[in-house]
Amino acid sequence: MAHWRAGLLDNVVDPLVCAARRLPVSARLAEFRAAQWDDVETMRRRQEKRLAGILIHASTRVPLYVERTRGLSPESIAAEPRAALEEFPPLERDDLRNHLDDLTCEMGRGTMSWATGGSTGIPVRFRRDRHCLAATLAATQLFNEWAGGRRGDQHIKVLSELRGSTRRRTIGNRVADSLNSRIMLDAYRMTKARMREYVEVMNRQPPVLLEGYANTLDHFAGFMQREGLSIPPPRAVLSEASMLLPAIRERLETTFRAPVFDRYGTREVSGIASECDAHDGLHIMSETTLLELVDDRGRAVDEGETGDVLLTSLWNYTMPLIRYRVGDRAARGATHCSCGRPYPKLASIEGRSTGGFIRHDGTMVFQGHLMLVMGEECDPDHMIRYQIVQETVDRIVVMVVPPPGTTGLSADERERVAEGIRDAMCAPCEVDFELVDDIEPTPAGKHLHVVSKLPGSSGVTRGASPDCEEP
């Protein structure tokens, strides 16, 4: 069945999608499949050519970069693109908030607007185009293939149904899910009854690939162990968005009887790195992204050392993200891998401290759901920063720092946020809103967006689910 579906997708569906939406996913996927077996030097030359292209474009056509890179010439960039990259100051999240239009260059490539959930407490908008989306989708499919998945295999995703719910999901999305044998399950309303339903779904339609947030899958696996439930073993479990601690990996592999493949991505850049079957670090997808790890002085760190993650998207000409400081830290891995792929590796990824909310029945609402409620229901221009605090199991306070001279969230936004929080809690609860002048960071300088004062509610995340539209 999978081979039949793969043929249909490759030879019929993809060409139609490409023609209708001008989304060249198939071309990019074929290109990346072949490129993954090049030698390191060939890969680096190809990456430097793409890097030179995006840097020349940004420094000559994108207003914010034109202003910040005066003195750089297209000739000097083309001659030494990696040296030229260091002349670009890191791009901060506040730059996206304050200079959205100055970062945009309309290219006639189908500009699409997106938003983050505000994983540092500051949601931001960003834009990308069809060619960028096609490249990121192709990279994600290649990651699936590294884990043993093929086009048309049954793929169950325990991810965000706030974005992917029937209420928001288009007919095209649902048709694509059916053609690609994808099933979307809600990651955030994980009540005991809902998790029993998920076990039933997975027994009726056994997944070849089971994908989800690490903390969500761990919560699900713990429930299955306590209830004595099981599903047919998938070929692979795909973990993303939250920290895959060794104990979590072991529990997932024991419960699902399948190898776990860790991934790293962000909403702004999508899939960035993934484990191969060697399970010895995460390969950076150098065909789509250049990732730097720098110390506090902006210098590159050595193998085994940890640094701040700076990302440069090599395909987003509509809104170039160059040396974008995403807020994560990672350790540089080895240059070579036994799998033979030329891509450098991350040895490990440090996460952001965060938390979740505890429901009456003891299950948890993971912080990602609350981030998505704020990101989906609020205009980012109506808040500088926010923090959602669980005072008791029945009372939640949403603190908002409004822009100067404004009143913050509108009445409609407050109502929608309160409804989303109550829906996540699966019970009536008091949701209060407070306007504040500032929100104090932690002693380590982190701005937490979700805080619970109840015991047993802490967790760790890094990056975010790419959570982008799939054709």
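Net charge near ALA135: determine it from the other residues with C-beta under 11 Å of the C-beta of ALA135, scoring Lys and Arg +1 and Asp and Glu -1. It would help to have the intermediate numbers written out before the result.
Values: positive: ARG28, ARG50, ARG128, ARG130; negative: GLU31, ASP129, GLU287.
Surrounding charge for ALA135 is +1.
Rounded to the nearest whole Hz, the Karplus-based 3J(HN,Hα) values (6.51 cos²θ - 1.76 cosθ + 1.60, θ = phi - 60°) of the range 139-153 follow the sequence 5, 5, 5, 5, 4, 4, 5, 4, 8, x, x, 10, 4, x, 5, with x at glycine and proline. Summing +1 for each Lys or Arg and -1 for each Asp or Glu among the other residues whose beta-carbon sits under 9 angstrom from that of GLU413 gives -2. The phi-based Karplus calculation (6.51 cos²θ - 1.76 cosθ + 1.60; θ = phi - 60°) puts the 3J(HN,Hα) values of the range 288-297 at 10, 9, 9, 10, 10, 10, 10, 7, 5, 9 Hz, whole numbers, x for Gly and Pro.
Between ASN203 and ARG61, what's the calculated FRET efficiency when r is the beta-carbon distance and R0 is 41 Å? Round to 0.05. Intermediate values should be presented prior to the final figure.
Working: r = 54 Å, r/R0 = 1.31.
So the FRET efficiency works out to roughly 0.15.
For the range 412-421, 3J(HN,Hα) computed residue by residue from phi via the Karplus equation (6.51, -1.76, 1.60; θ = phi - 60°) reads 5, 5, 4, 5, 5, 5, 4, 5, x, 5 Hz, glycine and proline entered as x.
Charged neighbours of CYS337, selected by a Cβ distance under 14 Å, balance to -3 (K, R count +1; D, E count -1).
When each of HIS219, HIS283 is scored by the number of other beta-carbon atoms lying within 10 Å, the sequence from fewest to most is HIS219, HIS283.
Order by neighbour count: ARG93, ARG33, ARG45, fewest other Cβ atoms within 10 Å first, most last.
With the sparsest Cβ surroundings first, the list reads ARG45, ARG33, ARG93.
Database remark: amide H of SER242 closer than 5 angstrom to the amide H of ALA214, ASN215, ARG462 (H placed geometrically; neighbours at sequence offset of 5 or more, or on other chains; Pro and chain starts carry no H). Give the cross-link partners of LYS157 among the aspartates and glutamates, using a straight C-alpha distance below 13 Å as the criterion and excluding same-chain residues fewer than 8 apart. Partners found: ASP177, ASP186, GLU211, GLU240, ASP467, GLU470.
Here the simple spin-label model places points 7 Å from the Cα toward Cβ, and for SER178 and SER230 these points are separated by 3.4 nm.
Laboratory data are not the source of any read-out in this text; all were calculated from the coordinates shown. Keep in mind the model is a prediction, meaning the values are calculated, not measured. All Cβ positions, glycine included, derive from the backbone under ideal geometry; neighbour counts span all protein chains shown.
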